[in-house]
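Just so it is clear, none of the values below were taken in a lab; they were calculated from the coordinates. Just so you know, these numbers come straight off a predicted model, no measurement behind them. With ideal geometry, Cβ positions are generated from the backbone for all residues, glycine too; neighbour counts draw on all protein chains shown.
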Amino acid sequence: MNRPKADEDRELVARTQAGDPHAFDELVIKYSPRLYGLVYNMTANHEDTNDLLQDVFAKAYKAIRGFRGKSSFYTWIHSIAVNMTLNFLKKRGRRFHMSLDDVDAGIQSDKEFLQLTARSSPVREADLSELQKRLNEAMMKLSDEHRAVVTMFHIQGMPHAEISKILKVSEGTVRSRLFYANRQLQNYLDEFRKNPVS
């Protein structure tokens, strides 16, 4: 996945800091799809995602005057989104509601991710939506921190180094969280393959 151009971002940030509201609108338009995917894969709820995104951009707008460019805008805005989502999930606790029609939680769970979790056994088309539903359920069984890492790495295509900057943890921690989360997802999906719902 191509990262948005840093130079373009720097210019938009400078224009926003100089008081041009249209520049920030451009950043919102540019980053909304990626951030929506990130937050939605962590919350599995469209309403919560929309609310959180509004809060993320409101917080970014208020804080942008203090943004000094030590990291890229890309990293900065993703850090705000991940931290606000993790805080929200802690407050919400485990009482989330995932509607069964919400199988499109797979918007961002692309086929590559399904193939990756399906190992080498071919997945029959008829089982694909059931597998997708199981994958979404499996994602929700992960801890919030593990779900964040899986979402950023497998679904958003971010490298370990970027994730470590966003979460402010070492790359080793990112790798171990990914390893643990992948193993949990694999175990859950193996159960599904051994005992498919008839």
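Of note:
- Positive-pole candidate from Leu35, Gly93, Tyr74, dipole of the stretch 1-95, charges at beta carbon: Gly93
- Label positions at Val169 and Glu47, each projected 7 Å from the Cα along the C-beta direction, are separated by 3.0 nm.
- Evaluated over the stretch 1-95, the Cα radius of gyration and Dmax, each in Å: 13.6, 43
- Across the cross-link table entries Lys62/Lys133; Lys59/Lys91; Lys5/Lys168; Lys70/Lys91; Lys91/Lys194; Lys5/Lys90, which are compared at the Cα atoms, the separations over 28 Å belong to Lys62/Lys133; Lys70/Lys91; Lys91/Lys194; Lys5/Lys90.
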